[in-house]
Amino acid sequence: MPDPKPEVLDFLLSRRSRPAKTLALPVPDRAALAPILTAALRTPDHGKLEPWRLIVLEAGAMPRLAALADARAEALALDPDKSAKGRAQFAQSHLAVVVVVARPEPSDKVPEIEQILSAGAVCLSLLNAAQAAGWGANWLTGWPAYDRGFLREGLGLAETEFVAGIVHIGSETVAPPERPRPDVASLTTWVSE
């Protein structure tokens, strides 16, 4: 028999990401992040390969990463708006930022795509766990997440690793208005025979 958890379903039906620029102090400390990170890693993982890892960026790392984003933007000759946007997500040092790193493992049984999807599931689980704990959160990437130089120098990623998502966590300053949601009926096919 089902054991319904209506409060959990209500949460999932009403959850809404908060724009990172609207998040402020206070942010979760290590103790507050521990159960959020634990919940995030309770995600589907075919073969128990753990094809992901987490990097928690604390406030002290933010100036270095913002400066690196500036340097990489200049080296890549990015336009000023794009450069500023990449820098901004690290310059907002008052946020708790968790980088979800995908690291697919060689496997004869578990295709790489399943491992990558598992890393994406960690991102969503992290987002939901942060919000369930009462924090505002947003899952972003931005150009630094795809720049190998930034990933290697700034985050210490190996060539076989990449960023699945960057989750910003902080206190909500404003609740955004509801936005249109996908039409379930138009996106669902029922197969009965």
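Remarks
- Residues that are of a type in the set (Phe, Trp, Tyr) and modelled with pLDDT of 95 or more, drawn from the stretch 40-98: Trp52
- Within the stretch 135-181, the residues that satisfy the criterion of being surrounded by fewer than 13 Cβ atoms within 10 Å (Cβ to Cβ) and at pLDDT 95 or above are Tyr146, Arg148, Gly156, Ala158, Glu159, Thr160.
- Top-ranked residue of the stretch 49-100 - restricted to ones that are under 19 Å from Lys21 (Cβ atoms) and among the acidic types (Asp, Glu), ranked as least open to solvent (accessible area, probe 1.4 Å): Asp70
- Residue match in the stretch 9-31 (condition: at pLDDT 95 or above, more than 28 Å from Ile113 (Cα to Cα), small (Gly, Ala, Ser) and open to solvent by 40 Å² or more (accessible area, probe 1.4 Å)): yes
- Of all residues in the stretch 25-46, exactly one satisfies the criterion of being over 16 Å from Leu126 (Cα atoms) and either in contact with an Asp or Glu (Cβ under 8 Å, 6 or more places away or on another chain) or without any contact (Cβ under 8 Å) to a residue 24 or more places away in the chain (or both), namely His46.
- Pairing residues of the stretch 172-193 that are touching a residue at least 40 places away in the same chain (Cβ under 8 Å) with residues that are aliphatic (A, V, I, L, M) and not in a loop (DSSP other than H, G, I, E, B), at Cβ distances under 6 Å and at least 6 apart in sequence or on separate chains, gives Thr173/Ala24.
- Among the conditions (1) touching a strand residue (DSSP E or B) at 6+ places or on another chain (Cβ under 6 Å); (2) farther than 15 Å from Ile55 by Cα; (3) buried (at least 19 other Cβ atoms within 10 Å of the Cβ); (4) not β-branched (Val, Ile, Thr), Gln115 misses just one, which is (1).
- Of the listed requirements (1) in contact with a Ser or Thr (Cβ under 9 Å, 6 or more places away or on another chain); (2) open to solvent by less than 50 Å² (accessible area, probe 1.4 Å), Arg42 misses just one: (2).
- Entry remark, the stretch 118-134: residues being surrounded by 22 or more Cβ atoms within 10 Å (Cβ to Cβ), over 15 Å from Glu172 (Cβ atoms) and either modelled with pLDDT under 95 or of a type in the set (A, V, I, L, M) (or both) number 4 in total.
The values are calculated or read from the model by the stated rules, or taken from the named source; none is laboratory data. All of these numbers come straight from a predicted model, not from anything done at the bench. Here Cβ is always computed from backbone atoms with ideal geometry, including for glycine, and neighbour counts include all displayed protein chains. Keep in mind that these areas ignore ligands, DNA and RNA; they rest on the heavy atoms of the full protein, side chains included. Shrake-Rupley method; radii C 1.70, N 1.55, O 1.52, S 1.80 Å.
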